[in-house]
Structures are given as structure tokens and as C-alpha cells.
Amino acid sequence: MSDQTPHQPGPAEPAGPAAPANPDFDAMTRDIADVPAVEVITTVAVHLMSSAAVNLGLAEDGAEHKDLDEARKLIQALAGLVTASATEIGSYHAAPLRDGLKSLQLAFREASVVPDEPGQGPGEKFTGPVYG
């Protein structure tokens, strides 16, 4: 046996024989340019919602992943995104995002040992106070 650790590929090295030597950045740029803004915004919002839900302990193994500080940050970011983009994406897309946001804000309030005052919870500076 050797005292050396196996060589791990670095960021500039391909991960294996199937890894492309040079990614096609032009094709990747064209691909993202073809995605409508509403789709990008809703996708980001869904990722924020999912991550916040996990950090609120709402996942299958909830207690393992519960982190209210992280959840607060994610809900705050989600509220800013939803509020800022609502007029741009239209109510058809914004309404479900608002509903999901409100559900997360209420779940945060329930999960908190010492709940925030109305209007002081995560995202409430953007949405106004959230009541159950």
C-alpha cells in the first residue's frame, strides 16, 4: 500500500473519459436565451420554496434538516422575488407563488419557539403581516 491519496481531478481537469474537453458555452448561452423569463422566475421561486420547506422541517426526515435561520433567509429572498416580479409575470403565475409563500410564512411562525411580531416575520416587510 502507498501513503499517497488517489489523485482527484481538479476544476480544470475532466472528471473522466466522457467529460468534454471544452464545454460549448455558445450553445449553453443560446439555450438559456430561449427560456422565457417567467419560467426562470418560477423555477427559482420553486427552488427557494422547496429549500425553505426542508429547512422548516417539512420534509420526510424533517427534524434532521430543520434550520429556522436558513429558512428565514430563504423565505425573505422568496418574498422579495415574488413581490418584485408579480407584475411582470402576471397573476396566473404569481398567485400560486404568493400562496406558497404565505404557507411557508405561516409554517415558520408555527415552527418558531418565540414567534415574530406580526409584520416582523420573514418576508413580511415585502408582503405585509401574515395571519393564519
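The values are calculated or read from the model by the stated rules, or taken from the named source; none is laboratory data. Values in this document were obtained by computation on a predicted structure and should not be read as measured data. So basically every Cβ, Gly included, is an ideal-geometry build from the backbone, and we count neighbours across all protein chains shown. Ligands, DNA and RNA are excluded from the accessible area calculation, which covers all protein heavy atoms including side chains. Shrake-Rupley method; radii C 1.70, N 1.55, O 1.52, S 1.80 Å.
Worth a mention:
- Heavy atoms of HIS65: accessible area, 1.4 Å probe, square angstrom to 10: 90
- Modelled this way, with points 7 Å down the Cα-to-C-beta line, the labels at SER103 and VAL46 are 1.3 nm from one another.
- Stretching GLU117 away from ALA95 to a fully extended chain increases their span by 5.4 nm, per 0.36 nm per residue minus the current alpha-carbon distance.
- For the stretch 29-92, the set of GluC sites (Glu not before Pro) satisfying both a DSSP loop assignment and a count of at most 14 other C-beta atoms within 10 Å is given as GLU60.
- In the stretch 41-132, Cα pairs under 8 Å separated by at least six residues give a relative contact order of 29 percent.
- What a 1.4 Å probe finds exposed on the stretch 19-132 is 56% carbon and sulfur by accessible area, rounded to a whole percent.
- Exposure of SER50 as accessible area (Å², to 10), given a probe of 1.4 Å and all protein chains: 60
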